[in-house]
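The structure appears below as structure tokens.
The values are calculated or read from the model by the stated rules, or taken from the named source; none is laboratory data. For clarity, every value in this text was computed on a predicted model and none was experimentally measured. A quick note on method: Cβ atoms are made from the backbone with ideal geometry, for glycine too, and the neighbour counts reach across all protein chains shown.
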Amino acid sequence: MKAAIYARVAIAAEPIQSQLNDLRQVAAERGFEVVVECRDIGISGLRARRPGLDALLRDAQNAAFEIVLVASIDRAFRSTKHFVQIMNVLDGLGIRFVSIKENIDTADATGRQFLLALRSVAALERSLVGERIKVAMRRAKSEGQRMGRALLDVDRTAVARDRLSGMSLTDVAHKYAVSRASVMRFTREAQTA
């Protein structure tokens, strides 16, 4: 089975070789052929976009391997959401994922259950964030704060008058520093009033 290994260290001076050696050893013990090695050196795990991880995902799209090995989950993913996103990509491509430290292998029932649990946690997290936003908006509205975009501070009647007198849409928009869509809306409102 063709395998890819991914290793990351946050500090350039930190040795990445121990991660790579451990991953190569595990691959050999399990009979995997390492065909891709991706690494990110001196790159924080907080960054979702990393050259090594991006290369790994490109190779995954090109079906270069069938399994991904990492030393631990925190070496590869920055958050639960990020983990679920990447796992959805790998899972969709039929690529197996193995994390050595946590003893996770998506080929077995325990690994699949772990993935399912994390997806549930990520969904709950998204739901909670949405609820917090709604609560904050209700509170702000009850305190009299205006929600949405600020109203345009422009003489709508003058905008409509200039447009109806024959001035071009673009010229009116430039004159009043509003969008062409706003000029059309103000003109329509003036005509129906």
Fill in: Unique match (being basic (Lys, Arg) and exposed (fewer than 14 other Cβ atoms within 10 Å of the Cβ)) among ARG30, ARG75
ARG30
Discussion item. I'd like to verify a number: residues in the range 34-46 that are part of a loop (DSSP other than H, G, I, E, B) and either loosely packed, with under 14 Cβ neighbours inside 10 Å or of a type in the set (Val, Ile, Thr) (or both), how many?
Written reply: 4
Worksheet entry | Hits in the range 10-19 (condition: in a helix (DSSP H, G or I) and surrounded by 17 or more Cβ atoms within 10 Å (Cβ to Cβ)) | GLN19
Fill in: Exclusive hit being assigned by TED's automatic domain parsing to the domain that holds GLU33, over 30 Å from ALA173 (Cα atoms) and not hydrophobic (A, V, I, L, M, F, W, C), set GLY144, GLY130, GLY92
GLY92
Worksheet entry | One residue from ALA7, ALA3 being touching a strand residue (DSSP E or B) at 6+ places or on another chain (Cβ under 7 Å), crowded, with 19+ Cβ neighbours inside 10 Å and closer than 16 Å to SER72 by Cβ | ALA7
Worksheet item: For the range 93-193, which fully contained helices (runs of 4 or more DSSP H) count at least 3 residues that are more than 30 Å from ALA71 (Cβ to Cβ) and under 24 Å from the mean Cα position of the chain (by Cα)?
Response: 109-142
Fill in: Residue list for the range 143-181, filter: of a type in the set (Gly, Ala, Ser) and farther than 20 Å from ALA193 by Cα
GLY144, GLY148, ALA150, SER168, ALA173, ALA177, SER179
Item to complete: Please name all residue pairs, on different chains or six or more residues apart, with Cβ atoms under 9 Å, provided the first residue is in the range 103-125 and is in the same structural domain as ILE86 (by TED's automatic domain parsing) and farther than 11 Å from PHE83 by Cβ and the second residue is assigned to a helix (DSSP H, G or I) and among the hydroxyl-bearing types (Ser, Thr, Tyr).
Response: ASN103/THR110
Worksheet item: Taking only pairs six or more apart or across chains, which ones have beta-carbon atoms under 7 Å, a first residue in the range 22-48 that is in the same structural domain as ARG96 (by TED's automatic domain parsing) and in contact (Cβ under 8 Å) with a residue 24 or more places away in the chain, and a second residue that is of a type outside the set (A, V, I, L, M) and in a helix (DSSP H, G or I)?
Response: VAL34/ARG24; VAL36/ASP59; CYS38/GLY52; ARG39/GLY52; ASP40/PRO51; ASP40/GLY52; GLY45/ASP74; ALA48/HIS82
Worksheet entry | Criterion (farther than 27 Å from ARG30 by Cα, buried (at least 19 other Cβ atoms within 10 Å of the Cβ) and touching a strand residue (DSSP E or B) at 6+ places or on another chain (Cβ under 8 Å)) met by exactly one of ARG50, ARG96 | ARG50
Worksheet item: Within the range 19-43, restricting attention to residues that are out of contact with any strand residue (DSSP E or B) (no Cβ under 9 Å at 6 or more places or on another chain) and not acidic (Asp, Glu), which residue is farthest from ALA3 (Cα to Cα)?
Response: ASN21
